[in-house]
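What follows is a single structure, written as structure tokens, with notes after it.
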Amino acid sequence: MSHGSIIKIPFGPQHPALKEPENFLFEVDGETVVDVKPRLGYNHRGMEKAFELKTYIQNIYLAERICGICSHAHTTCYTQAIERLLGVEPPPRARYIRVIIAELERIHSHALWIGLAAHEIGFDTLFMYVWRDRETVLDMFEMISGNRIHYAMNTIGGARRDIHADMAPKIVKGLDFLEKRLEYYLDIVQTEQTILKRTADVGILRPKDAVDLCAVGPTLRASGIENDVRSDDPYVAYDEIPFNVVTHDGCDVLSRILVRCEETLESVKIIRYALDSMPNGTIRVRVPMKVPQGEVVSRVEAPRGELIHYAKSNGTTKPERYKVRSPTLANIPALCKMLQGGYVADIPIVLAGIDPCFSCMDRMAFVDTKKNRKWVWTMQQLRRKYAKE
Amino acid sequence: MSLFKWAQTKSPWIIHFNTGGCNGCDIELVAALTPRFDLERFGILLEGSPRHADILVVTGPVTLQVKDRLVRVYEQMPEPKHVVAVGTCAISGAPFQECYNVHGGIDTVLPVDAYVPGCPPKPEAIIDGIAKLIQKIKEGEAHGKGK
Amino acid sequence: MEKENEIVEKLKSFLEENLVNVIIPRKRRIFVHIKRDALRETIEYLMKDLKFKHLSTITGVDLGERIEVIYHLSHEGSIMLSAKLTVSKKNPNISTITDVIPGAVLYEREVHDLLGVNFKGHPDLSPLMLPEKWPEGVYPLRKEHKLKHLRQITSEK
């Protein structure tokens, strides 16, 4: 390897995990990361422009596909925004349906993540167990909505489908099963040496940095900051349902794992409560096709953190402007901070720690500042080189 | 049956590539590996490097940024090789057709041998798609280059 | 709406004529329109004095002759204040706020990428999301760029 030349190693998408290739430039000094520069864009499709070209109803379909894992969060945020512009309120029953689906989504998303994080550490058994149990949640989605992913439960004015009374006992049975499994996983995470060694005191994000860098979601709450859109800026039916905001003080990857595990247990409680207190009545109100002029900011607590949409309407059937800021983007500056000063070997788990929706990057470019050496590694090469145990 | 064909059809190694989709298809593909569906019992192994793969499983609507890399992955695969397009985006680019940074379906970039429609297709459908491709390979009707 | 009114009163007396307009559409939502040159002092005042410590995002909107830039800040995660200002499209220059709010770094880059607003003093305005081969000066979210034209660019590459 000669000085100053970029060595590109043929890459291949690595393991099963979501591989949305994003680019990060790492400046390293030996085994320590000095600086990180993000360069995104592999997943940039140009959706904000597309929103302006489609009607409000068509855009529900598009908003859902911003992300396959938290699609309901996006459609909730979207339909909420448009309802606000129209000056309509979804019926109470619809708001409860939105909560139930949102919390089921949170469980499925966190479980998915726990499995992938386990895989990052090399703990494939846990990955397989968690994903097997996660199928219970997907079964519930299929029962309620007909699809495992992209359940299309929201429309402007309420919900598209009802959660019928005869579904409730099946959901409760599923929740009973999940609760036991999730408690088991919470226990494993706190006692398994494999996990503790790789995640405790790794990827530190101090509370002050978390706030200055505007982090969101479990990443923020794992640094002790008690912010959660569901309780700070309640939407749908969260102001009527009691729940706890989970925080931890560890500021490390382990804390992020613990926050997510405990949040899934909170979600189970929320769903039980919502099923018990579900109001009767219609699930949607009819809305006009044209939306009067106005602007609105809509916020939702997606599994990864604060999701914010901004909408501007111009009196027609199509939006004037639609802006989406996903939670992962908000956590990238915090991610860069966490990686600085850490070891190259810890990059995969710290990255995974923020639960990035454009997950493991496909390629990482490295620059050794002292030796003036540049090279490119894939995630798999990085893992292989630093495989521990 | 030639040795190649026997090896390919008995135990095809697949490599997965996401060209900018929403991840829905990717997580259903990963779910296909997990105990309920268990792709591996069919001898299908998810590989990491294109140099060892027989089948390229692609999701997503091919964003401009990723297009060259997709082609490069394909070129690195040894012959004979085949491509499966999983999901509506991979087949036609919809619903991102009005998105300026999206190229379109996979077959605008690479020759595709099997299409698995769905948004996203269920793991059973993905397994079925790959199984049907394997059948085509056995019968010598897959359009992949090389025999 | 007590807290919201209180915040608006304080902002009014701090900014005086730099505060052009205020709307409180509902609880926990405030929209203020400020003069462009008052951006930095507004952000600093909001952050330090009024405790709006979290910047959720920065939105850019093409208004035709002008581009509107909106800063969405939240107070304890709860009250969301959107501070709007406009710059001319011909000279879309505005000061960065990354020294006041480090978390603004990617949001400014995104508005620069997609709408061409120039944030003076930003540490690194290199492209964040547009592809490497994207032609310079073509800002996709500007209204004058129709989808057909943008598609031509992608098909040529």
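Here, each number is a calculation from the coordinates, and none is a lab measurement. Just so it is clear, the structure is predicted and the values come from calculations on it, not from any experiment. Cβ placement follows ideal geometry from the backbone for every residue including glycine, while neighbour counts extend to all protein chains displayed.
Distance from the Cα centroid of segment A:135-203 to that of segment C:43-71 is 36 Å (rounded to whole angstrom). In chain C, the DSSP-assigned H stretches of four residues or longer account for a calculated mean residue ellipticity at 222 nm of -7500 deg cm²/dmol, using -39500 (n - 2.57) per stretch and the full residue count as denominator. Roughly how far apart, in whole Å, are the Cα centres of segment C:104-118 and segment B:114-133? One Cα centre to the other: 40 Å.
To check you understand DSSP bridge types, tell me what percent of the beta bridges within chain B (both residues inside) are antiparallel, rounded to 5. It would help to have the intermediate numbers written out before the result.
Numbers: 1 of 16 bridges.
DSSP beta bridges in chain B are roughly 5 percent antiparallel.
Once you have a ≥ b ≥ c as the square roots of the Cα gyration tensor eigenvalues for the protein assembly as shown, tell me rounded if a/c is under 1.5, and otherwise prolate or oblate according to whether a/b is larger than b/c.
On the way: a/c = 1.43, a/b = 1.28, b/c = 1.12.
Rounded, because the longest to shortest axis ratio a/c is under 1.5.
With a 10 Å cut-off around each Cβ of A:196-206, the average count of Cβ atoms from other chains is 0.
By per-residue mean of other Cβ atoms within 10 Å, what is the highest-first order of A:193-205, A:275-287, A:143-155?
Values: A:193-205: 18.0, A:275-287: 14.3, A:143-155: 20.6.
Most protected by this proxy first, the peptides run A:143-155, A:193-205, A:275-287.
By per-residue mean of other Cβ atoms within 10 Å, what is the highest-first order of C:23-31, B:76-84? Please list the in-between numbers first.
Details: C:23-31: 16.6, B:76-84: 19.7.
Output ranking for C:23-31, B:76-84: B:76-84, C:23-31.
Computed from Cα atoms, the angle from the helix C:147-156 axis to the main principal axis of chain C rounds to 50 degrees. Using only Cα atoms, tell me the angle between helix B:64-76 and the longest principal axis of chain B; keep it within 0 to 90° and round to the nearest 10. Compared with the principal axis, the helix lies near 10 degrees. Think of it as helices only: each DSSP H run of n ≥ 4 in chain B is worth -39500 (n - 2.57), and spread over all residues that comes to -10000 deg cm²/dmol at 222 nm. Taking Cα atoms only, the orientation of helix B:123-138 departs from the longest principal axis of chain B by about 50 degrees.
On average, how many beta carbons from a partner chain sit within 10 Å of the beta carbon of a residue in C:46-58? List each step's numbers first, then the result.
Numbers: counts 0, 1, 0, 0, 0, 0, 0, 5, 11, 4, 11, 12, 3.
Partner-chain Cβ atoms within 10 Å, mean over residues of C:46-58: 4.
Which percent, nearest 5, of DSSP beta bridges in the protein assembly as shown are antiparallel? Walk me through the numbers before you get to the answer.
On the way: 56 of 87 bridges.
Among the beta bridges of the protein assembly as shown, antiparallel pairing accounts for roughly 65 percent.
Given axes a ≥ b ≥ c from the Cα gyration tensor, I'd like to know whether segment C:2-47 is rounded (a/c under 1.5), prolate (a/b larger than b/c) or oblate. It is prolate, given that a/c is not under 1.5 and a/b is the larger ratio.
Each Lys and Arg contributes +1 and each Asp and Glu -1, all at the Cβ; summed about the Cα centre of chain A, the dipole is approximately 1420 debye.
FRET efficiency for the residue A:286 to residue A:168 pair, using the beta carbon distance and R₀ = 25 Å, is estimated at 0.40. At an R0 of 41 angstrom, the distance between the Cβ atoms of residue A:249 and residue C:148 translates into a FRET efficiency of 0.15.
To one decimal place, what Kirkwood hydrodynamic radius in Å is obtained for segment C:2-128 from all pairs of distinct Cα atoms?
Working: mean 1/r = 0.0680 Å⁻¹.
Here the Kirkwood hydrodynamic radius works out to 14.7 Å.
Shielding by partners for peptide B:29-36, expressed as the average number of C-beta atoms from other protein chains within 10 Å of each residue's C-beta, is 6.
Which of the trypsin sites (Lys or Arg not before Pro) found in segment C:97-141 are in a DSSP loop and have at most 13 neighbouring Cβ atoms, other than their own, within 10 Å? Display every interim value, and only then the final one.
Numbers: sites: C:109, C:120, C:133; in loops: C:133.
The qualifying sites are C:133.
Rank by packing, highest mean first: peptides A:59-70, B:44-55, with packing defined as the count of other Cβ atoms within 10 Å averaged across residues. Could you put the intermediate results ahead of the total?
Working: A:59-70: 23.5, B:44-55: 20.2.
The packing order, highest mean first, is A:59-70, B:44-55.
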